[in-house]
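As structure tokens, the structure follows; a few thoughts come after it.
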Number of protein chains: 2
Amino acid sequence: MSAPAEALSPPRPAPNAVKAAIAALTAKFGNRLVTSRAVREQHANTVTWIENQPPDAVVFPQTAAEVQDIVRVCAAHNVPVIPFGAGSSLEGHVNAPLGGVSIDVRDMNKVLAVHAEDLDCVIEPGITRKALNEYLRDQGVFFPIDPGADASLGGMTATRCSGTNAVRYGTMKDNVLSLKVVTASGELMTTARRAKKSSAGYDLTRLIVGSEGTLGVIVELTLKLAGIPEAISGGICPFPSVDACCKAAIQTIQSGIPVARIELLDALQVRAVNQYSKLSLRETPMLFLEFHGTEAGVSEQSERFGEIAGEFGGGPFEWTTRPEERTRLWEARHNAAFSCFTLRPGAKIIPTDVCVPISRLAECVAETQADIAASNIIAPIVGHVGDGNFHLTLLIDTDNPDEVKAAKAFNERLVERALAMDGTCTGEHGVGQGKMKYLLAEHGAPALDAMRAIKRALDPQGIMNPGKIVA
Amino acid sequence: MSAPAEALSPPRPAPNAVKAAIAALTAKFGNRLVTSRAVREQHANTVTWIENQPPDAVVFPQTAAEVQDIVRVCAAHNVPVIPFGAGSSLEGHVNAPLGGVSIDVRDMNKVLAVHAEDLDCVIEPGITRKALNEYLRDQGVFFPIDPGADASLGGMTATRCSGTNAVRYGTMKDNVLSLKVVTASGELMTTARRAKKSSAGYDLTRLIVGSEGTLGVIVELTLKLAGIPEAISGGICPFPSVDACCKAAIQTIQSGIPVARIELLDALQVRAVNQYSKLSLRETPMLFLEFHGTEAGVSEQSERFGEIAGEFGGGPFEWTTRPEERTRLWEARHNAAFSCFTLRPGAKIIPTDVCVPISRLAECVAETQADIAASNIIAPIVGHVGDGNFHLTLLIDTDNPDEVKAAKAFNERLVERALAMDGTCTGEHGVGQGKMKYLLAEHGAPALDAMRAIKRALDPQGIMNPGKIVA
């Protein structure tokens, strides 16, 4: 169990093997297989500073059986397979460092069943979260995980994503009941039954959630749904410091207030949001909050939070149950990522994603802010503070090698700081290519060996999204 | 990936190998290694009708390093290792069908840290849930998972157990943040950081939860805790039928009422509880409920439930926030298993554990009750109705082969019925020896192949609790 990582990744396939695989796939898929440079580049990383590494071809299957066909052809020729959802991932997950075939599931975007009584639904992987919620709207249920971007559900599952309301509804790990997965040998595997819980063997569902396409291709998902709350209240609360924000968040959660969202914005991020969304919020650290429940319940929660905020010098807490006002505030939060560009037009972003135990959050953010100041980087902060997860948006001129170097060094220090506090290098974005180098420090050799042994066991040829996570 | 199951289990080790391992362990552990027949038999299955298969020796380690020593000695001699917690498992998990060394972690029962701000704690595997909650009592937090029995937390994790309040707090899968595990080669593996969430690679934590000692020995656990609710209300509600109970439960959950416990007892189970706990409940199907929240919140929840019950012909719903009254009612529920013996003194029990989507629960219970009646078996029902999970307690004279045969056949039909409804053969008890035969029908060949490949990858010698789950 201690083979080096390189042994797990095959070499780049020979050009003839790629040609043969593409010929075989073209015979099956016709013009649903595309090799134009533009389309191939669109199917590699386009979101962040990570290099664009296009696949050799892109195929658009319409059924699970077609995905099986693609994987079987690629396996026969030892050609890599890279699953592709909406392309919104941030760590180079969709890049093809060894070439290969990108499987774009955009045409597998149907809702197959909604079981409102069971609070679950069965869907194809290409549907996005907004499209799913639009579909569900009239049935009194919704899918709560909200990473901001309108990602595909297959991709969200593959990266174990979460977002602003994970503090109440959990992450993708908590909201997937079962998956259908095309394995590396082209078999169709079902990971679990639709029962709400089970103790029937190894948890294959959770093994696939977060495996980023390295163990198989997700072709069908059974997801948990939540009832649309009777009432929602939301609001914003200014604080004198990030430390006060964090302490108020800890107290809120410890008090058992079932807050649905509790988001930190630092002063710089508030300034960016003001500029982008034409608001006039006080430019001070701030919590954005949302409460879900009954009319009486959300009032009680909102009032209790207001009292807690006051204990830490925060407030006034302005909250409302009026949808249009809530939407206006939360739109500002959702546009936080875009708003950053107003701080430095033309810059590219290097996103960060550490997560620490909540008791260490204030300290981790404070040290990080000092580091930003010393590094002369523009980098506003947003945080899913109820989970101890925060993001910096490093605004970088990627044509300036000194800036890129400084930003990378800053990110290294940030990850080291989080690991020293018993945190993780990625709370929700995933490993992809960008975080592989931190896994040994985070997990230690025995755990990394176990991950590699699992990868070898389930993908002995090493064709499933090579160059990601452990291989 | 299609080796037969037998290939995964080694043959029973040669007597000399066992002797050599025991000699090496005796040199290290002295009188903390025991080979007396009585102690060995206590460390095999003693709870149900499954045969008692004692190990060759029992060792009582005090540290993770000692567990590593034991596993290394056993690995060197190809001798099986069987982890042992409180011995309350129901499917023969602690049996030693090939002999070997039972690792009893009763002396590893310390609380290593409580992080109240983070709502987590770090513990050793041998502490029981009652002892842990006793320890936590003054800190405003508790560990919510409650399987009834005072099981060890290591064992609860190994079987992915849940129990009466999983409907609100989830199962062990949802409440373990990280584990330290001694691997099959004797390494000490840490599965995750203490951060509340992470996307850093394969979910080893969830892979170990529910793996029943077949992939490693759990030697340390970081568990999520919940804040002790400000108020608790509870009560019981009679219904005209099991169907009405199930429909009221569905409506309650769909309405978003965050019920903490919602337990079904059928009329026969109510009779048993009346006899055992000296109560005079109406002998009709009944729901036992508990609500956690603020004073205002639990009142609102209780009243809303009362209204829902009325819609389905149930009620009156008598509820109280007075602890002594709640305790009296819930003691009756907790004593349900023991109370069954009043229905047939001297009988042994065959427990069942299917779980189906909640929309199918009423139908599944109704068909099962008809089957009980036709089979002439005494078998009261309790159900974690919010999760679609229910148990029958088959009261059997195990000296009567006809009865045993009839009970086994009944259980087969029950599992088939649940699987046909997209359910599982085990909601919370685990696979052990008793449920292995159902895994192919439940999961299909590709998933079972994947489980076997993982088993082989992480335990190539097949020494970790052989004869359970897939090997």
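A few points about this structure:
- Per-bin percent of Cα-Cα distances, the stretch B:111-227 [5 Å]: 2, 12, 24, 26, 21, 10, 4, 1, 0
- Note on the stretch B:397-471: with charges restricted to the Cβ of Lys and Arg (+1) and Asp and Glu (-1), its dipole about the Cα centre is near 340 debye.
- Distance cut-off 24 Å, percentage of C-alpha pairs in the stretch B:43-137 lying past it: 32 percent
- Cα gyration tensor shape of the stretch A:231-338, rounded if a/c is under 1.5, else prolate or oblate by comparing a/b with b/c: oblate
- Take A:A370, move 7 Å from Cα toward the beta carbon, and the resulting point lies 7.2 nm from the same point in each other copy, nearest first.
- Counts of other chain beta carbons within 10 angstrom of each beta carbon in peptide A:180-188 average 3.
- Relative contact order (%) - the stretch B:232-431, alpha-carbon pairs under 8 angstrom, separation at least six: 26 percent
- Residues B:I463, B:I22, sorted so that the one with the fewest Cβ neighbours within 10 Å comes first: B:I22, B:I463
- Cα-based Rg / Dmax (Å) for the stretch B:232-431: 16.7, 56
- Charge dipole (debye, nearest 20) of the protein assembly as shown; +1 at Cβ of Lys and Arg, -1 at Cβ of Asp and Glu: 1940 debye
- Extreme residue, positive dipole direction of chain A, given options A:T426, A:G388, A:A272 (C-beta unit charges): A:T426
- Dividing the summed helix terms, -39500 (n - 2.57) for each DSSP H run of n ≥ 4, by the number of residues in the protein assembly as shown produces a 222 nm estimate of -11000 deg cm²/dmol to the nearest 500.
- Label 7 Å beyond Cα on the Cβ vector: B:P345 copy-to-copy distances, nm: 9.1
- If you wrap chain A in the convex hull of its Cα atoms and look at it from every side, the mean projected area works out to 21.9 nm².
- Set of aspartates and glutamates with alpha-carbon distance to B:K437 below 15 Å, sequence-local pairs under 8 removed: B:E6, B:E91, B:D353, B:E412, B:E416, B:D449
- Distance violations [Cα-Cα > 23 Å] among A:K180/A:K435; B:K180/B:K435; A:K130/A:K435; A:K408/B:K180; A:K468/B:K197; B:K197/B:K435: A:K180/A:K435; B:K180/B:K435; A:K130/A:K435; A:K408/B:K180; B:K197/B:K435
- Here the stretch A:186-257 is treated as a Stokes sphere of Kirkwood radius computed over C-alpha pairs; at 25 °C and 0.890 mPa s its diffusion coefficient rounds to 144 µm²/s.
- Shape class for the stretch A:1-99, computed from the alpha carbon gyration tensor (a ≥ b ≥ c): oblate, with a/c not under 1.5 and a/b at or below b/c.
- Vicinal HN-Hα couplings computed from phi for the stretch B:336-352 (Karplus, 6.51 cos²θ - 1.76 cosθ + 1.60; Hz; Gly/Pro x): 4, 4, 5, 4, 4, 5, 5, 6, 7, x, x, 6, 9, 10, 10, x, 10
- Residue-wise HN-Hα couplings along the stretch A:216-231, as the Karplus relation 6.51 cos²θ - 1.76 cosθ + 1.60 with θ = phi - 60° gives them from phi, are x, 10, 6, 10, 7, 10, 10, 10, 6, 10, 10, x, 5, x, 4, 9 Hz; Gly and Pro carry x.
- Take each residue in B:447-460, count the other chain C-beta atoms within 10 Å of its C-beta, and the mean is 6.
- Rg in Å to one decimal, and Dmax rounded to a whole Å, for the stretch B:250-309 via C-alpha atoms: 13.3, 35
- Applying both filters, DSSP loop and at most 15 other Cβ atoms within 10 Å, to the trypsin sites (Lys or Arg not before Pro) of the stretch A:210-279 gives A:K278.
- Shape class for the stretch B:427-471: oblate, because the ratio a/c of the largest to smallest gyration tensor axis (alpha-carbon atoms, square roots of eigenvalues) is 1.5 or more and b/c is at least a/b.
- For B:G313, neighbours were defined as the other residues whose beta-carbon sits under 11 Å from its Cβ, and their charges (Lys and Arg +1, Asp and Glu -1) total -1.
- Remark: the stretch A:342-429 carries a charge dipole of roughly 100 debye about the Cα centre, counting +1 on each Lys and Arg Cβ and -1 on each Asp and Glu Cβ.
- Overall dimensions of the stretch A:342-429 by Cα: Rg and Dmax, Å: 12.6, 38
- Of all DSSP beta bridges confined to the stretch B:1-126, the antiparallel ones make up roughly 45%.
- From least to most packed, judged by other beta carbons within 10 angstrom and beginning with the fewest, A:E428, B:E66 follow the order B:E66, A:E428.
- Comment: the Cα-to-Cβ extended label point of B:K130, at 7 Å, lies 5.5 nm from its counterparts in the other copies, nearest first.
- Convex hull volume of the C-alpha atoms in the protein assembly as shown, normalised per residue: 158 Å³.
Values in this text are rule-based calculations from the coordinates and carry no lab data. Treat the numbers as computed from the prediction; the structure is a model and nothing was measured. With ideal geometry, Cβ positions are generated from the backbone for all residues, glycine too; neighbour counts draw on all protein chains shown.
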